[in-house]
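Enquirer: Encoded as structure tokens, here's the structure I'll be asking about.
The values are calculated or read from the model by the stated rules, or taken from the named source; none is laboratory data. Just so you know, these numbers come straight off a predicted model, no measurement behind them. Every residue, glycine as well, gets a Cβ built from its backbone with ideal geometry; the counts of neighbours run over all protein chains shown. For the accessible areas, the whole protein counts, side chains as well, though only heavy atoms, and no ligand, DNA or RNA atoms are used. Shrake-Rupley method; radii C 1.70, N 1.55, O 1.52, S 1.80 Å.
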Amino acid sequence: MAKRIFPLLILLFIGSGCSALIYELVWYQLLGLVIGVSSASLGILLGTFMGGMCLGSLLLPRLASGARHPLKVYALLELGIAACGIVILVVMPLVGSVYFGAASSGVAGLVLRGLIAAVCLLPPTMLMGATLPAIARFVRSTPTGMSWLGFFYGGNIAGAVLGVIIAAFYLLRVFDVAVATYVAVAINVAVAVIALVVARFLEYREQTVEAGAPAMTGARLIYVAIALSGLTALASEILWTRHLSLFIGATVYGFALILAVFLLGLGIGTTAGSALARRVRSPGMALAGCQGLLCLATLWAAYAITQLVPFWAVGDDASPWSRTGTDLLRSAYAMLPAAVLWGASFPLALAGAASGREDPGRLVGGLYAANTLGAIVGALSAGFFLVPWIGSQATQQLLIGLAALSALAVMLAIRSTGSSRFRHGLAVAVVVVAGVIAISAVPPVLGKVVAWGRYMPGSRNAPEPIYVGEGLTASIAVTVTDGEVLNYHNSGKVQASAYPQDMRLQRMLGHLTTLVPEEQSEFLVIGLGAGVTAGAVSIEPKLEQMTIAEIEPLVPEVVSEYFGAENFNVVGNPKVQIRVDDGRHFLQTTDRTFDGITSDPLDPWVKGSAALYTREFWELAKSRLNPGGVVTVFVQLYETTEDAVRSEIATFFEAFPEGAVFANTFGGGGYDLVLLGMKDENRIDVSRMAERFADPAYARVRASLAEVGVYSITDLLSTFAGRNSDLAEWLQDAEINRDRNMRLQYLAGQGLNFYRQQEIFDNMVRAGVRYPDSLFTGPDDLLAELARRIASQQGRSL
């Protein structure tokens with residue numbers, strides 16, 4: 001084959017990689033809405049996606065004849081991927097309806113989730129995994145030939161970086177999953193057409209495959225080494241992403257940046273390794289060197305992420321894009337050295353295992369499958385077992401040990417004779433010493449980083465956490481500030497606290513949920529947090545059963561120990577059932593209905609949280625209400641943008657046109673809001689609420705509200721801050737958050753460090769909020785008092 005065509009093949013692989021990452025982001029979003037985003041669901045999605053790549057790389061060389069033109073096979077694979085992209089987009093609603101109708105809990109539920117993921121992801125991912133082995137038959141299975149495949153793979157990774165950036169920062173931010181899919185399909189089709197055109201003019205002759213041993217004795221150990229390389233790479237990526245997101249912010253932009261930097265390092269390393277494989281006498285020894293150096297590079301990443309980059313100062317007035325640049329540098333500073341070495345390892349493994357006599361497709365497919373299989377084990381073990389069991393420090397130490405083991409495996413495969421034995425033994429000793437030193441030097445994650453995250457540059461004097469824990473999906477901390485105030489930290493920030501303004505919001509959220517509906521027997525709380533909202537719901541005298549949907553298994557244990565007084569020991573309440581699941585998936589798969597549903601999830605800028613704010617989610621919640629039931633949700637005004645707040649409220653009003661906004665003001669100004677919607681758009685019966693409030697059975701409810709400065713029903717309802725009709729002008733052109741676009745996570749992610757709550761609140765009430773004659777019902781004197789209180793509500797002039 002003429003080498004002049006190789007640059008064109010690299011260009012084709014750039015296109016393949018770009019489309020593949022666009023699909024990956026789209027499919028994870030679509031399937032996450034169906035089977036959930038709990039740790040079990042994410043594990044199934046990740047394992048299925050990478051498992052398909054592994055199967056494709058193994059099966060293609062065995063099923064496709066070597067006599068077929070590689071470019072034609074490659075083109076057919078790309079067209080198949082494009083067809084799968086369109087099919088998945090179209091059939092996903094049908095898949096969801098089948099799953100929701102048959103979903104169950106326990107092992108059977110996990111099996112069904114796995115089947116759904118397999119049906120959707122295995123066909124396209126197997127085709128993706130087959131592309132590199134397909135094109136491998138264009139080159140000879142020699143070190144030089146394999147080095148060219150390394151360049152192709154590097155081009156594929158470069159395209160993946162481009163795909164991540166295009167999808168996260170433009171296609172999904174501006175458009176939706178459909179447009180993103182169409183762009184990916186167009187790229188696949190363009191790549192296929194170019195490949196078919198080139199195939200017409202480029203002659204191909206099948207290579208003769210000879211039986212015989214590979215050039216390196218013990219070449220099977222190369223497969224072991226590259227599998228270990230994949231394991232340590234993906235496990236470290238997941239671990240570092242978890243830590244970096246604490247101070248970068250767990251937004252879609254933050255995750256995209258971290259992934260892009262990691263892929264960029266792999267691409268640089270793959271290109272460098274491909275060039276090196278053509279020049280060194282022993283590619284195997286170079287591979288061992290890369291794996292040995294990974295001990296030190298992994299130590300560097302662990303040290304930089306936990307001890308250095310969290311303290312890089314970022315100005316409070318910096319623009320979102322300026323912060324993005326800083327976050328990019330943080331990620332690259334820590335991760336690039338290790339990522340480059342992992343990237344270089346794959347082409348060196350190809351060159352080291354090549355003998356010149358085997359089918360290049362099978363050689364590439366086998367090594368790619370080994371690397372991917374290792375990656376699956378690494379991703380699943382680190383994310384779902386090792387960190388929760390032994391902690392991130394011990395996990396990182398284990399990964400360094402496995403990198404050293406990988407280097408030693410390659411050295412064992414290399415036959416050394418004569419004077420080279422001394423150098424070989426010296427190299428082994430160096431790897432062992434480097435591994436031991438690196439393992440002993442891995443620092444622990446600072447408790448302050450877990451607690452204060454991106455506030456670290458200004459929080460050097462902040463109190464040390466009294467508790468730090470690493471769970472399946474999140475790292476959690478508890479601190480005490482101002483001498484006695486407890487704070488619950490998740491995602492690197494305070495998510496709940498015992499401060500008056502936070503306690504007031506959480507109690508308002510819980511008690512509005514139980515006092516407004518006609519019946520008060522069964523409730524659902526989405527997101528436990530510190531448990532204060534759930535605790536307020538749990539002391540409803542007529543409560544028969546309450547379900548809490550919490551995605552992180554560690555949370556109930558922590559809040560029961562530290563926040564029991566604030567949350568009325570809700571975790572131990574016999575009427576309370578805790579389901580470890582994301583709230584959306586629980587609602588989709590339960591056949592139960594509720595008198596009230598309250599949602600207090602993580603901030604909407606946290607990746608995945610926007611799924612709990614879409615129009616489809618609110619319509620789902622409404623369908624699970626009993627007659628006269630209500631839905632409430634917390635909306636923050638701080639650390640967000642006005643466009644994000646407008647989107648949250650406008651989307652809620654799409655499902656609840658007669659809904660209402662209640663304000664939790666603090667210091668005379670806006671702080672956060674509670675949105676309330678009703679199943680039948682009934683009016684709020686103020687007299688019925690007042691009668692309940694006065695009932696001796698409600699003594700704990702009265703005391704709970706009195707603790708936050710609410711002494712009557714008129715106090716509670718006078719926090720009214722508007723309805724759809726009042727806010728129509730302010731909400732004009734607000735972007736509706738839909739399942740197809742997840743617009744909110746992109747809007748909220750741009751205001752991560754902004755504190756413009758007063759400006760947002762003033763703009764909202766300036767729209768012309770007035771007393772809602774059609775919202776409340778009751779005796780004239782009681783309504784007149786409520787109207788007067790609403791008009792004089794602190795911080796607003798209505």
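Enquirer: Starting from residues that are assigned to a helix (DSSP H, G or I) and open to solvent by 50 Å² or more (accessible area, probe 1.4 Å), keep the ones in the stretch 763-790 and report whichever is farthest from ASP715 (Cα to Cα).
Expert: ASP780
Enquirer: Among the candidates GLN757, GLN745, GLN750, single out the residue that is more than 24 Å from GLU518 (Cβ to Cβ), open to solvent by 20 Å² or more (accessible area, probe 1.4 Å) and either modelled with pLDDT of 95 or more or in contact with a helix residue (DSSP H, G or I) (Cβ under 6 Å, 6 or more places away or on another chain) (or both).
Expert: Details: GLN757 fails: either modelled with pLDDT of 95 or more or in contact with a helix residue (DSSP H, G or I) (Cβ under 6 Å, 6 or more places away or on another chain) (or both); GLN745 fails: open to solvent by 20 Å² or more (accessible area, probe 1.4 Å).
Going through GLN757, GLN745, GLN750 in turn, the sole match is GLN750.
Enquirer: Just one of PHE422, PHE384 is modelled with pLDDT under 90, of a type in the set (Phe, Trp, Tyr) and more than 35 Å from the chain's Cα centre (by Cα); which is it?
Expert: Checking each option against the conditions leaves just PHE422.
Enquirer: Can you name the helices (runs of 4 or more DSSP H) wholly within the stretch 662-732 that have at least 1 residues being under 38 Å from the mean Cα position of the chain (by Cα), in contact (Cβ under 8 Å) with a residue 40 or more places away in the chain and closer than 19 Å to THR632 by Cβ?
Expert: Per the criteria, 699-706, 713-717.
Enquirer: I've got another one for you. State which residue pairs qualify: first residue within 23 Å of LEU263 (Cβ to Cβ) and inside the stretch 360-388, second residue among the hydrophobic types (A, V, I, L, M, F, W, C) and not in a helix (DSSP H, G or I) in any location, beta carbons under 7 Å apart, and separation of 6 or more residues or different chains.
Expert: Filtered contacts from the stretch 360-388: PHE384/LEU472.
Enquirer: Regarding SER322, is this residue farther than 22 Å from VAL431 by Cα and open to solvent by 50 Å² or more (accessible area, probe 1.4 Å)?
Expert: So SER322 fits the description; yes.
Enquirer: Tell me which of these ILE466 doesn't satisfy, since it passes every other one: (1) in contact with a Lys or Arg (Cβ under 8 Å, 6 or more places away or on another chain); (2) closer than 17 Å to VAL559 by Cβ.
Expert: Failing condition for ILE466: (1).
Enquirer: Related question: Output the residues belonging to the stretch 147-181 that are hydroxyl-bearing (Ser, Thr, Tyr) and more than 20 Å from GLN750 (Cβ to Cβ).
Expert: If the condition is that a residue be hydroxyl-bearing (Ser, Thr, Tyr) and more than 20 Å from GLN750 (Cβ to Cβ), then SER147, TYR153, THR181 are the ones that fit.
Enquirer: Let me confirm something: among ALA82, ALA103, which residue is within 25 Å of ASN741 (Cα to Cα), crowded, with 17+ Cβ neighbours inside 10 Å and either among the aliphatic types (A, V, I, L, M) or in contact (Cβ under 8 Å) with a residue 60 or more places away in the chain (or both)? Break it down stepwise before answering.
Expert: On the way: ALA103 fails: within 25 Å of ASN741 (Cα to Cα).
The conditions single out ALA82.
Enquirer: Any residue in the stretch 293-308 that is touching a helix residue (DSSP H, G or I) at 6+ places or on another chain (Cβ under 6 Å), β-branched (Val, Ile, Thr) and open to solvent by 10 Å² or more (accessible area, probe 1.4 Å)?
Expert: Looking through the stretch 293-308, none of the residues is touching a helix residue (DSSP H, G or I) at 6+ places or on another chain (Cβ under 6 Å), β-branched (Val, Ile, Thr) and open to solvent by 10 Å² or more (accessible area, probe 1.4 Å).
Enquirer: Can you pull out the residues in the stretch 32-68 that are among the hydroxyl-bearing types (Ser, Thr, Tyr), open to solvent by less than 10 Å² (accessible area, probe 1.4 Å) and more than 15 Å from the chain's Cα centre (by Cα)?
Expert: Selection gives SER57 alone.
Enquirer: For GLY374, state whether it is small (Gly, Ala, Ser), in a helix (DSSP H, G or I), farther than 30 Å from GLN495 by Cα and under 30 Å from the mean Cα position of the chain (by Cα).
Expert: Values: small (Gly, Ala, Ser): yes; in a helix (DSSP H, G or I): yes; farther than 30 Å from GLN495 by Cα: yes; under 30 Å from the mean Cα position of the chain (by Cα): yes.
Yes, satisfied.
Enquirer: Let me ask another. Consider only pairs whose beta carbons are under 6 Å apart and that are at least six residues apart or on different chains; among these, list those whose first residue lies in the stretch 170-185 and is over 17 Å from LYS607 (Cα atoms) and of a type outside the set (Gly, Ala, Ser) and whose second residue is at pLDDT below 95 and open to solvent by 10 Å² or more (accessible area, probe 1.4 Å).
Expert: Matching pairs, first to second residue: THR181/LEU89.
Enquirer: Any residue that is of a type in the set (Val, Ile, Thr) and at pLDDT below 90 - is there at least one of those in the stretch 158-174?
Expert: So the first thing to find is which residues in the stretch 158-174 are of a type in the set (Val, Ile, Thr), and the list is 161, 164-166, 174.
When the remaining residues are screened for being at pLDDT below 90, the result is none.
Checked the stretch 158-174: no residue is of a type in the set (Val, Ile, Thr) and at pLDDT below 90.
Enquirer: Can we say LEU336 is aliphatic (A, V, I, L, M), open to solvent by 30 Å² or more (accessible area, probe 1.4 Å) and either in contact (Cβ under 8 Å) with a residue 12 or more places away in the chain or more than 22 Å from ALA168 (Cα to Cα) (or both)?
Expert: Yes; evaluated as a whole, the condition is true for this residue.
Enquirer: Let me ask another. For the stretch 590-597, does any single residue satisfy the condition of being open to solvent by 10 Å² or more (accessible area, probe 1.4 Å), of a type in the set (Phe, Trp, Tyr) and over 27 Å from the mean Cα position of the chain (by Cα)?
Expert: Looking through the stretch 590-597, none of the residues is open to solvent by 10 Å² or more (accessible area, probe 1.4 Å), of a type in the set (Phe, Trp, Tyr) and over 27 Å from the mean Cα position of the chain (by Cα).
Enquirer: Please state which one of LEU264, LEU246 is touching a strand residue (DSSP E or B) at 6+ places or on another chain (Cβ under 8 Å) and touching a residue at least 60 places away in the same chain (Cβ under 8 Å).
Expert: When all the criteria are applied, what remains is LEU246.
Enquirer: Looking at ALA451, is it in contact with a strand residue (DSSP E or B) (Cβ under 6 Å, 6 or more places away or on another chain), part of a helix (DSSP H, G or I) and without any contact (Cβ under 8 Å) to a residue 60 or more places away in the chain?
Expert: Values: in contact with a strand residue (DSSP E or B) (Cβ under 6 Å, 6 or more places away or on another chain): yes; part of a helix (DSSP H, G or I): yes; without any contact (Cβ under 8 Å) to a residue 60 or more places away in the chain: yes.
Yes: the conditions hold for ALA451.
Enquirer: Please go through the stretch 455-488 and give me each residue that is in a loop (DSSP other than H, G, I, E, B) and among the aliphatic types (A, V, I, L, M), ordered by number.
Expert: Of everything in the stretch 455-488, those that are in a loop (DSSP other than H, G, I, E, B) and among the aliphatic types (A, V, I, L, M) turn out to be ALA462, ILE466, LEU472, ALA474.
Enquirer: Do you know which residues across the stretch 562-580 are open to solvent by 10 Å² or more (accessible area, probe 1.4 Å) and either touching a Pro at 6+ places or on another chain (Cβ under 8 Å) or in contact (Cβ under 8 Å) with a residue 40 or more places away in the chain (or both)?
Expert: Within the stretch 562-580, TYR562, GLU566, PHE568, VAL571, VAL576, ILE578, VAL580 qualify.
Enquirer: Oh, and also: Filter the stretch 448-473 down to residues that are surrounded by 18 or more Cβ atoms within 10 Å (Cβ to Cβ), within 22 Å of the chain's Cα centre (by Cα) and modelled with pLDDT under 90, then give me how many there are.
Expert: Summing the residues that are surrounded by 18 or more Cβ atoms within 10 Å (Cβ to Cβ), within 22 Å of the chain's Cα centre (by Cα) and modelled with pLDDT under 90 in the stretch 448-473 gives 4.
Enquirer: Another question, then. Of all residues in the stretch 612-650, which are in a helix (DSSP H, G or I), in contact with a Phe, Trp or Tyr (Cβ under 8 Å, 6 or more places away or on another chain) and open to solvent by 10 Å² or more (accessible area, probe 1.4 Å)?
Expert: Hits for the stretch 612-650 are LYS622, ARG646.
Enquirer: Here's a follow-up. What are the pairs, 6+ residues apart or on separate chains, where a residue within the stretch 526-541 that is closer than 16 Å to ASN490 by Cα has its Cβ under 6 Å from a residue that is among the acidic types (Asp, Glu)?
Expert: GLY527/ASP600; LEU528/GLU550; GLY529/ASP600; VAL532/GLU566
Enquirer: Also, I was wondering about something else. Which residue out of PRO124, PRO133, PRO93 is more than 30 Å from ARG579 (Cβ to Cβ) and either touching a Pro at 6+ places or on another chain (Cβ under 7 Å) or open to solvent by 40 Å² or more (accessible area, probe 1.4 Å) (or both)?
Expert: PRO133
Enquirer: Is there a residue in the stretch 527-534 that is within 15 Å of VAL571 (Cα to Cα), out of contact with any Pro (no Cβ under 7 Å at 6 or more places or on another chain), polar (S, T, N, Q) and assigned to a helix (DSSP H, G or I)? Spell out the reasoning first.
Expert: Filtering the stretch 527-534 down to residues within 15 Å of VAL571 (Cα to Cα) leaves 527-534.
Now restrict to residues that are out of contact with any Pro (no Cβ under 7 Å at 6 or more places or on another chain): 529-534.
From what is left, the residues that are polar (S, T, N, Q) are 533.
After this cut, where a residue has to be assigned to a helix (DSSP H, G or I) as well, the list is 533.
Yes: the stretch 527-534 contains one or more residues that are within 15 Å of VAL571 (Cα to Cα), out of contact with any Pro (no Cβ under 7 Å at 6 or more places or on another chain), polar (S, T, N, Q) and assigned to a helix (DSSP H, G or I).
Enquirer: What number of residues within the stretch 640-661 satisfy the criterion of being β-branched (Val, Ile, Thr), modelled with pLDDT under 95 and more than 13 Å from MET764 (Cα to Cα)?
Expert: Residues in the stretch 640-661 being β-branched (Val, Ile, Thr), modelled with pLDDT under 95 and more than 13 Å from MET764 (Cα to Cα): 1 in total.
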